[in-house]
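Taking it in order: structure first as structure tokens, then the write-up.
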Amino acid sequence: MTNAKLYTVIYIVLFVMATVQVLVEFAGLAYWTAFGAIIALSFVKALLIAGYYQHLRSEPRSILLVVLVGLLAALALTLAASYSIL
């Protein structure tokens, strides 16, 4: 698959995932169910963006681990902030 086709497929996947996030918001699910679904979708979207659009797939593993630790820290802070809202 050429780079243009790969980036187009990833763009479509990201667009579909964003649409699903909006649909989850309007579905009337319980708070924690909707929150878990949105966080999971956001995490996967962040991995796709970092891996392909920020070219982390071709970087050394040490840089990848630093970014992954930052992503997990941001996820932990988001979970802590959402827990304190209730």
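The values are calculated or read from the model by the stated rules, or taken from the named source; none is laboratory data. Just so it is clear, the structure is predicted and the values come from calculations on it, not from any experiment. Ligands, DNA and RNA are stripped out before the accessible areas are found, and what is left, the full protein with its side chains, is counted by its heavy atoms. Shrake-Rupley method; radii C 1.70, N 1.55, O 1.52, S 1.80 Å.
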If you average 1/r over all unlike Cα pairs in the stretch 17-67 and invert the result, what Kirkwood radius do you get in angstrom? 12.3
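Provide the gained length on full extension for the span residue 85 to residue 20, in nm with one decimal, where the gain is 0.36 nm per separating residue minus the Cα-Cα distance.
Numbers: separation 65, 0.36 × 65 = 23.40 nm, distance 2.37 nm.
Extending this stretch completely gives an extra 21.0 nm.
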Area accessible to solvent at residue 2, 1.4 Å probe radius, in Å²: 80
With Cα atoms, 0 to 90° folded angle of helix 3-26 axis to the chain main axis: 0
Using only Cα atoms, figure out Rg for the chain and give it as a multiple of 2.2 N^0.38 Å. 1.27
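Percent of accessible area on the chain owned by carbon and sulfur, 1.4 Å probe?
Working: 4620 of 6200 Å².
Of all accessible area on the chain, carbon and sulfur atoms account for 75 percent.
For residue 61 and residue 44 in the same chain, what is the full-extension length gain: residue separation times 0.36 nm, less their Cα-Cα distance, in nm? Before the final figure, lay out the partial values.
Working: separation 17, 0.36 × 17 = 6.12 nm, distance 1.88 nm.
Extending this stretch completely gives an extra 4.2 nm.
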What ³J(HN,Hα) values, in whole Hz, does the Karplus curve 6.51 cos²θ - 1.76 cosθ + 1.60 give for the stretch 64-72 when θ = phi - 60°, with x put for Gly and Pro? 4, 5, 4, 5, 5, 5, x, 5, 5
Using only Cα atoms, tell me the angle between helix 31-48 and the longest principal axis of the chain; keep it within 0 to 90° and round to the nearest 10. 10
